[in-house]
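The values are calculated or read from the model by the stated rules, or taken from the named source; none is laboratory data. Source: prediction; values computed, not measured. Here the Cβ positions follow ideal geometry from the backbone for every residue, glycine too, while neighbour counts run over all protein chains shown.
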Ligand code: BG6
């Protein structure tokens, strides 16, 4: 066998396409979770592995090793994972019985070369015992200050070296830096050790079915694309509303805030999927190239723009589901005088032929009235109002709503004649509901991403340029807010839809956010 890097790449690409198309189990590999004592492992990764096993997509030759500082035994690790699954009502006993004996644990300090020497021995042992073939997936789910040291030690240990047809890949969790400079530094550190093709920067929004459906909706159907432009679309709204507060993440969250936490990654990913041109193929880079073009076309903010086009808020005490909840500044590990925003709304302009003069309004926040993520494509009004003598509110423009969560579906609003002898218009919707049509399958959103990494398909992962461009767009906002401190930070009561200024952002342009209370 010729094992030159290019032949490895070509054969990997071919087997990737075949596995993905056929939905068959990924090839042999071992998975290492750095930071395994964190929440993500028990809440998302282990349940995702179990769901992959349910769908017969998990490698037949497979083993997992969790690594953290705390010294616990394999048995304790398994028990902890099992308890968490049981508590979340996620335990599927027969699948868990199969997965459990493949879970292992080791403790270690990620600054220490000795940890990686021990890890290497353990992985070599797996290769013999579980036939994992020297293919390793490293999942970095540690505190971000450990990303750099862990990658460096991993490189020194030789564990990232791909040879003789073996692959080595690293999934890296967010936060991917905290601004443009730190993202660049991190990319640099990664590339000192890894090829770009080995780096999988995860954005869990891309694991959501409804987010993946955006590409299918747009490019597998002939009727929407001709309308998908400035000629027919008035504006786009993206809402990612959360009802939860910062919970036990106050220490991290206070150094991040809503903008860093959600916008350059999750919300921009949604913007890219809505805004991109049709790619020439489904090749990972063909798709990501088109997304990068969207980011490059976003009009940069000047420092002066920020106060006009961006709103920030922080939740005050209020009521959620009829119960009083504390203000952000009263949350554990949050400074009492914090001016970190828990809500951000912004207006983006995409300067290209498709989107010129079609604003994209984005908003996200914690402790909002309810959990709801949606994208609204607001079409222009009919050019000539033939039915102008009917109630004006009934003559609303068409609206396409892509509901991402918790409701999942697509709905199209249009005007219809209300039956009766007088002409009266009413707004009606045509709805597609995922759960109704396809049923509910337990899913964490990480299944597809883990599987894709195992088969070497980076389509749903962020390339270095995508993460840097995301940071570059929000950089002036971060700078301006840093200068302003508390000035311009609006309070909003927990349980509301955010500060009034977010409504004014649209009202200024003669528009308004879609009334979410109107949802089903
Ligand atoms: C994470 C953020 O990336 O996304 C969290 O750090 C946020 O603060 C979460 O709650 C939202 O994800 P989802 O899938 O619940 O919308």
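Summary of computed values
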read-out	value
The listed residue being at pLDDT 85 or above and more than 16 Å from the ligand (Cβ to nearest atom), out of 391, 382	382
Residue that is modelled with pLDDT of 95 or more and more than 30 Å from residue 274 (Cβ to Cβ), where the choices are 325, 294	325
Residues located in region 229-262, provided they are closer than 30 Å to residue 321 by Cα and more than 11 Å from the ligand (Cβ to nearest atom)	236, 237, 238, 239, 248, 250, 251, 254, 255, 259
Test: residue 257 is at pLDDT 95 or above, assigned to a strand (DSSP E or B) and assigned by TED's automatic domain parsing to the domain that holds residue 323	no
Filter pass, residue 403 being within 23 Å of the chain's Cα centre (by Cα), surrounded by 14 or more Cβ atoms within 10 Å (Cβ to Cβ), closer than 29 Å to residue 45 by Cβ and modelled with pLDDT under 90	no
Test: residue in region 384-393 that is surrounded by 15 or more Cβ atoms within 10 Å (Cβ to Cβ) and within 21 Å of residue 497 (Cβ to Cβ)	no
Residue match in region 113-124 (condition: on the phi < 0 side of the Ramachandran plot and at pLDDT below 95)	no
Number of the condition not met by residue 60 [criteria: (1) crowded, with 20+ Cβ neighbours inside 10 Å; (2) out of contact with any helix residue (DSSP H, G or I) (no Cβ under 6 Å at 6 or more places or on another chain)]	(1)
Selection within region 243-256 - crowded, with 19+ Cβ neighbours inside 10 Å and touching a strand residue (DSSP E or B) at 6+ places or on another chain (Cβ under 8 Å)	245
Single match in 510, 488 (criterion: more than 23 Å from the chain's Cα centre (by Cα) and surrounded by 17 or more Cβ atoms within 10 Å (Cβ to Cβ))	488
In region 466-483, the residues that are closer than 15 Å to residue 309 by Cα and surrounded by fewer than 20 Cβ atoms within 10 Å (Cβ to Cβ)	475, 476, 478, 479, 480
Residue 343 vs. criteria closer than 30 Å to residue 232 by Cβ, touching a strand residue (DSSP E or B) at 6+ places or on another chain (Cβ under 9 Å) and at pLDDT 95 or above	no
